[in-house]
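The numbers here are math on the coordinates, done by the rules we state, and not lab data. Computed from a prediction, not measured in an experiment: that's the story for all the values here. Here the Cβ is made from the backbone with ideal geometry for all residues, glycine too, and neighbour counts use every protein chain on show.
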Amino acid sequence: PENRPLLAAFEAAAPQVLLADSRVKDLGHSGYVQQAVIEARTWPDLNEFEEFNKVRIYLAGGD
C-alpha cells in the first residue's frame, strides 16, 4: 500500500509501464490493465505461501 502513489509517478515518467506483482490481487489503479497471470516459484524454493506463486502482469499506457 505504501508504494501505490508510485504507480501514478511511473505513468507520468514513461510512455509505457510494465509491472509484475505477486502480492496484491487488485492493483486498484485504473491506468494499469492486467495482461496475464503467470504461475511462478522462487529458486531455491523459499516456502512462500502458494497464493504468492501467481504473478500478475499489468500494462499502463499501452494504447
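For the chain, a Gaussian network of Cα nodes joined below 10 Å ranks 18, 46, 27 by mean-square fluctuation, and the top entry is 46. For the chain, evaluate the Debye formula with one uniform point scatterer on each Cα (no solvent term) and list log10 I(q)/I(0) at q = 0.25 Å⁻¹, rounded to two decimals. The computed values of log10 I(q)/I(0) come out as -1.06.
The modelled label-to-label distance between residue 14 and residue 45, using points 7 Å beyond Cα along the C-beta direction, is 3.2 nm.
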